[in-house]
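In what follows, a single structure is set out as structure tokens and then discussed.
The values are calculated or read from the model by the stated rules, or taken from the named source; none is laboratory data. Remember, predicted model here, so these are calculated numbers, not experimental data. Using ideal geometry, Cβ is built from the backbone for each residue, glycine included, and neighbour counts are taken over all protein chains shown.
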Amino acid sequence: MAHLLNFLQSGRTMLTAAACLCALQGLLTPAYAASEPAKSAAASPPAPTSSYKPKPGETLDQVIAKTMANSPLSIVLLRQAFIDQNPQAIVPGKIPKLRKGATLQVPDHDRLLRGVLASVTPVPAPLPLEVQPQVAPPTPEDRKRWIQYP
């Protein structure tokens with residue numbers, strides 16, 4: 001939690017603060033949460049759908065390391081995204097295995113990142129005072145019922 005306060009006090013961007021919140025929840029790698037992103041997520045063009053043909057003996061984690069090497073997202077989140085995107089190419093289990101000869105569809109990294117950041121967006125600010133209901137000040141009768149201390 002102190003790490004989050006340091007980010008907020010240092011005047012970094014809201015994206016970095018949200019990245020820190022994600023890191024606290026285990027969705028981002030600690031290395032990414034400790035560094036400021038080099039470019040804005042909104043400035044990046046949409047990535048085309050890509051595929052990857054794993055080499056014989058290659059594991060899912062090795063595929064993730066090759067296709068999403070610079071990703072700030074945790075390996076657990078990326079692994080689940082690959083499994084969800086390619087149910088026909090991955091044998092489920094404690095350690096997911098790739099089927100021989102299967103071509104993997106690489107998940108859209110920008111969509112994953114937006115989904116993670118959307119899950120930790122701040123709660124909307126409270127209503128302005130003029131919109132909130134007004135409470136009448138206490139009357140002398142109300143004050144008689146208040147507790148008094150010596």
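The set of residues in segment 48-86 that are in a strand (DSSP E or B) and aromatic (Phe, Trp, Tyr) contains only TYR52. Filter segment 112-139 down to the residues that are part of a helix (DSSP H, G or I) and either surrounded by 12 or more Cβ atoms within 10 Å (Cβ to Cβ) or at pLDDT 90 or above (or both) and list them by number. Scanning segment 112-139 gives LEU112, LEU113, ARG114, GLY115, VAL116, LEU117.
This table checks each residue for (1) among the aromatic types (Phe, Trp, Tyr); (2) in contact with a strand residue (DSSP E or B) (Cβ under 7 Å, 6 or more places away or on another chain).
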site: PHE82; (1), (2): yes, yes
site: LYS100; (1), (2): no, no
site: GLN105; (1), (2): no, yes
site: THR121; (1), (2): no, no
site: PRO128; (1), (2): no, no
site: PRO138; (1), (2): no, no
site: ASP142; (1), (2): no, no
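Annotation for segment 90-109: no member residue is farther than 30 Å from ASP61 by Cβ and of a type in the set (Val, Ile, Thr). Put simply, of THR13, THR29 the only residue that is at pLDDT below 90 and in contact with an Asp or Glu (Cβ under 9 Å, 6 or more places away or on another chain) is THR13. Within segment 87-111, the set of residues being aliphatic (A, V, I, L, M), assigned to a loop (DSSP other than H, G, I, E, B) and free of Cβ contacts under 8 Å to residues at least 40 places away in the same chain comprises ALA89, ILE95.
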